[in-house]
Every structure is written in C-alpha cells, then in structure tokens.
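Visitor: Questions regarding the structure given below will be posed in turn.
The values are calculated or read from the model by the stated rules, or taken from the named source; none is laboratory data. Not measured: the values here are computed from a predicted model. Cβ: placed from backbone, ideal geometry, glycine included. Neighbour counts: every protein chain shown. For the accessible areas, the whole protein counts, side chains as well, though only heavy atoms, and no ligand, DNA or RNA atoms are used. Shrake-Rupley method; radii C 1.70, N 1.55, O 1.52, S 1.80 Å.
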Amino acid sequence: MNPIIIGTGVAVGLAAVVLTMLGNPANMGFCIACFLRDIAGACKFHQAPVVQYVRPEIVGLVLGSTIMSLANKEFKARAGSSPAVRFVLGACVMIGALVFLGCPLRMVIRMGGGDLNAFVGLAGFATGILIGIYFLKKGFSLKRNYNVTMTEGFTLPGAMVLLFALVTIAPALFAFSKAGPGSKHAPAMIALVVALVIGALAQKSRICMVGGMRDAVMFKDFNLLSGFVAIFFTVLVGNMVLGNFKGFSTYMQPIAHASQMWNYLGMVVVGWGSVLLGGCPLRQLILAGEGNGDSAVTVFGMIAGAAIAHNFKLAGGAASLQNGVYKIGGIGMNGQIAVGIIFVILLAVSLMNLPKDE
C-alpha cells in the first residue's frame, strides 16, 4: 500500500472531523457537492436560503493543488476533451449527489458518523462504477486533450482567487444563510489553510473516490482504495474520541434522508457519471488546479447542476420530526423525473462515445 495515499486519507478524515468540531455541519466536514452548492447559492445562482455560503474549503483545495503542481513542475495547461459533454456530465453528477445529499467524500464521512443511509449510497455508488467500467472495457472515451495556453490552465484557480478576494472585500455582493447548513461553518481562514494542505496532499497522492474502486476492479490495484478506507476509519475513530458517535442507524442522521431507493439511485448516477468523467468531484477540483481545463469545465457544470437542482426542486430533503411524526425525507416528483432523464443522458453518452465500427 502507498503510504502517501493512506496518509492523505488520514489527513482528509482528520480535516473533516476538525472542521466539523469548529463549526461545519455535522457529518459534513468536507463535501464537494454541498460546498459547491453553497457557493452557487452565495453567488445567487439559486435562491434556497439555507444553503448559501462561500466555502473557503473549495478555494483551498483548488489552490493547494495549483501550488503543489507548480512546485513539482506538474502544472500543465490542457483541454479539449469533449468539454460540452463534460459540462453536462458535471451537472448530472451534481444533481445525483444532491438527490443523495452528498458527494462520494461526504458519503464516506457519513459512514464514519454512523449513517447507515450512506452505506446504501455506497452500494449505489459501486453499482454506478461497475456500469461505467463496463463501458470503459468496451472502449468508452471522451477523446484526448491538448496543450493549451496558460490562461486556460489558470481559469479555475484564478476564479477561486477572485471569488475569495470579492467575498473578503465586498461581502455584500453575496448571499449568506442565516439558518440551516449554510449558516454553519468553521472560521474562514482556518478552513482555507486546512483545505490548502488537503489540496496539496490530494494532488500529490492522486486520491480519488471513484478511481479507488475502478482500479480495484479493473487492475486489482488497491492503492487508491486504501485512501478511501483510511478516511472512513479516521472519521469513525475521531467521532468516537469526541463523543459524537452514537452507533449505526438510519434514523435522523444529520442532513440526510432515509428514502433508500433514492439514496441508492442518486449515487448510481454519481458513480457512473464520475467514471465517464475520469474522476470523482474531489478529483475534478484537484485536476482543475493542475491546469486541466476539461476538469474546470466539469466543475462549472457541477455549479450549474447545483443551481438547477435547487431552482427546479430536484434535491433531496432531509429527514425530520414533524409534530412528533418521523418523516424519512427524500425527493419529490421533479427529482424522480430528473433522475430518470439523467439515466437516459448517461446511457446516451456512454453509447455514443464507444469506438465506431470501421
């Protein structure tokens, strides 16, 4: 096993526990989907009042990757691998994640917090990855990318610097939640510094939630998967030490629902779409930090997906107690229809990008 990957997993798990202790929502120390959704809300791309905040963690992850890749002479500006398709896939993955209420990273963090609903999501995630692997073995490809100008490579890192500068200098330009998950956050500078370290480590180790399962199935290589496991056990032990672990249960988990079919299907979308993209949402941020313009387009697609999910009421609703009655939460008809449409989109993309018969 690669000690750098395991060490990165431990660091990610510790960061999630510490940031939660310092104010981030429970079982959400790090969530790429949730944090991009909050940024979309802060920029007023959607109007859901409880999920609006410029998350410094996203800025730090991208810039940490940029700094490490520049230091290692691995920063390479490249793009041109089906950018429009990647934008659409990014939006689809985001909608799937918000149906489940979390990206693959938050799925593992939720598992470490005792949320059995996340284990259902894991089953869906694995199913989606297996579907994606089937098409990879058939020759699926979004084609190669090409060397481009440095302007392209610095697009997302530059956007992150501008975003953080604007929210620091002119916060009135943005919307901020006064209640709900968006109102809960660790101190901004601490979150930024922690994320810078994690971004640098993730760039060095190439850790990826999707890549771990893909490599284990296709190549019997468990290195990346060891990082996945390290995050889980670090979060689990951290919660036990802090007294936050109350056992494994599906009942009233923080910012989660117990509609198991949609937990499963939402993460099928995330797994399948991420395999087609070549990496999970975390990996897309890290690649964009390295100068990959295609990953930057994917991240912009995720932000658009978050806006779509909340503007059109596609996202999952958390379980709740209403007048003493337990409501399992889940998604409404709009979200259910959207998941069905996304499956059609993923199948179409998968089939249309197979090798053509001569």
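Visitor: Between a residue in region 294-313 that is under 21 Å from Asn145 (Cβ atoms) and any residue that is assigned to a helix (DSSP H, G or I) and aromatic (Phe, Trp, Tyr), which pairs come within a Cβ distance under 6 Å, given they are 6 or more apart or on different chains?
Guide: Val297/Phe87; Gly301/Phe87
Visitor: Filtering region 278-336 down to residues that are among the polar types (S, T, N, Q) and either under 16 Å from the mean Cα position of the chain (by Cα) or more than 23 Å from Phe45 (Cα to Cα) (or both), which residue is surrounded by the fewest Cβ atoms within 10 Å (Cβ to Cβ)?
Guide: Among those residues, the one meeting the criterion is Asn323.
Visitor: Now for a different question. Hey, any hits in region 79-97 for a residue that's in contact with a helix residue (DSSP H, G or I) (Cβ under 6 Å, 6 or more places away or on another chain), part of a loop (DSSP other than H, G, I, E, B) and surrounded by fewer than 24 Cβ atoms within 10 Å (Cβ to Cβ)?
Guide: yes
Visitor: So which residues in region 1-32 are in a helix (DSSP H, G or I) and of a type in the set (Gly, Ala, Ser), if there are any at all?
Guide: Gly7, Gly9, Ala11, Gly13, Ala15, Ala16
Visitor: Which is of a type outside the set (Lys, Arg) and part of a loop (DSSP other than H, G, I, E, B), of Gly305, Gly279?
Guide: Checking each option against the conditions leaves just Gly279.
Visitor: May I ask you to verify whether Thr168 is polar (S, T, N, Q), open to solvent by 10 Å² or more (accessible area, probe 1.4 Å) and under 20 Å from Arg37 (Cα atoms)?
Guide: So Thr168 fits the description; yes.
Visitor: Let me ask something else. Looking at region 235-276, which of its residues are surrounded by fewer than 19 Cβ atoms within 10 Å (Cβ to Cβ), aliphatic (A, V, I, L, M) and not in a helix (DSSP H, G or I)?
Guide: Result: Met252, single match.
Visitor: Another question, then. Does Gly212 satisfy the condition of being surrounded by 17 or more Cβ atoms within 10 Å (Cβ to Cβ), under 21 Å from the mean Cα position of the chain (by Cα) and at pLDDT 95 or above? Can you show your working first?
Guide: Values: surrounded by 17 or more Cβ atoms within 10 Å (Cβ to Cβ): yes; under 21 Å from the mean Cα position of the chain (by Cα): yes; at pLDDT 95 or above: no.
So Gly212 fails the test.
Visitor: Which of the residues spanning region 124-171 are under 30 Å from Val339 (Cα atoms) and hydroxyl-bearing (Ser, Thr, Tyr)?
Guide: Within region 124-171, Thr127, Tyr134, Ser141 qualify.
Visitor: Here is a further query. Report the residue count in region 240-275 for those that are in contact with a strand residue (DSSP E or B) (Cβ under 9 Å, 6 or more places away or on another chain) and closer than 22 Å to Phe35 by Cβ.
Guide: 6
Visitor: Checking Val50 against (1) open to solvent by 50 Å² or more (accessible area, probe 1.4 Å); (2) assigned to a helix (DSSP H, G or I); (3) of a type outside the set (D, E, K, R), which test does it fail?
Guide: Of (1) open to solvent by 50 Å² or more (accessible area, probe 1.4 Å); (2) assigned to a helix (DSSP H, G or I); (3) of a type outside the set (D, E, K, R), only one is false for Val50: (2).
Visitor: While we're here: Before we move on, is Ala188 open to solvent by 30 Å² or more (accessible area, probe 1.4 Å), without any contact (Cβ under 8 Å) to a residue 40 or more places away in the chain and more than 30 Å from Val344 (Cβ to Cβ)?
Guide: Working: open to solvent by 30 Å² or more (accessible area, probe 1.4 Å): yes; without any contact (Cβ under 8 Å) to a residue 40 or more places away in the chain: no; more than 30 Å from Val344 (Cβ to Cβ): yes.
Considered against the rule, which asks whether it is open to solvent by 30 Å² or more (accessible area, probe 1.4 Å), without any contact (Cβ under 8 Å) to a residue 40 or more places away in the chain and more than 30 Å from Val344 (Cβ to Cβ), Ala188 comes out as no.
Visitor: Every residue in region 112-163 that is crowded, with 23+ Cβ neighbours inside 10 Å and either free of Cβ contacts under 8 Å to residues at least 12 places away in the same chain or more than 20 Å from the chain's Cα centre (by Cα) (or both), please.
Guide: Gly153
Visitor: Out of curiosity, is Lys246 at pLDDT below 95 and not small (Gly, Ala, Ser)?
Guide: Yes, satisfied.
Visitor: Something else: Within region 67-78, which residues are open to solvent by 10 Å² or more (accessible area, probe 1.4 Å) and of a type outside the set (A, V, I, L, M, F, W, C)?
Guide: Within region 67-78, Asn72, Lys73, Glu74, Lys76, Arg78 meet the criteria.
Visitor: Can we say Ile4 is in contact (Cβ under 8 Å) with a residue 12 or more places away in the chain, touching a helix residue (DSSP H, G or I) at 6+ places or on another chain (Cβ under 6 Å) and either open to solvent by less than 10 Å² (accessible area, probe 1.4 Å) or basic (Lys, Arg) (or both)?
Guide: Details: in contact (Cβ under 8 Å) with a residue 12 or more places away in the chain: yes; touching a helix residue (DSSP H, G or I) at 6+ places or on another chain (Cβ under 6 Å): yes; either open to solvent by less than 10 Å² (accessible area, probe 1.4 Å) or basic (Lys, Arg) (or both): no.
Spelling it out, it is not the case that Ile4 is in contact (Cβ under 8 Å) with a residue 12 or more places away in the chain, touching a helix residue (DSSP H, G or I) at 6+ places or on another chain (Cβ under 6 Å) and either open to solvent by less than 10 Å² (accessible area, probe 1.4 Å) or basic (Lys, Arg) (or both).
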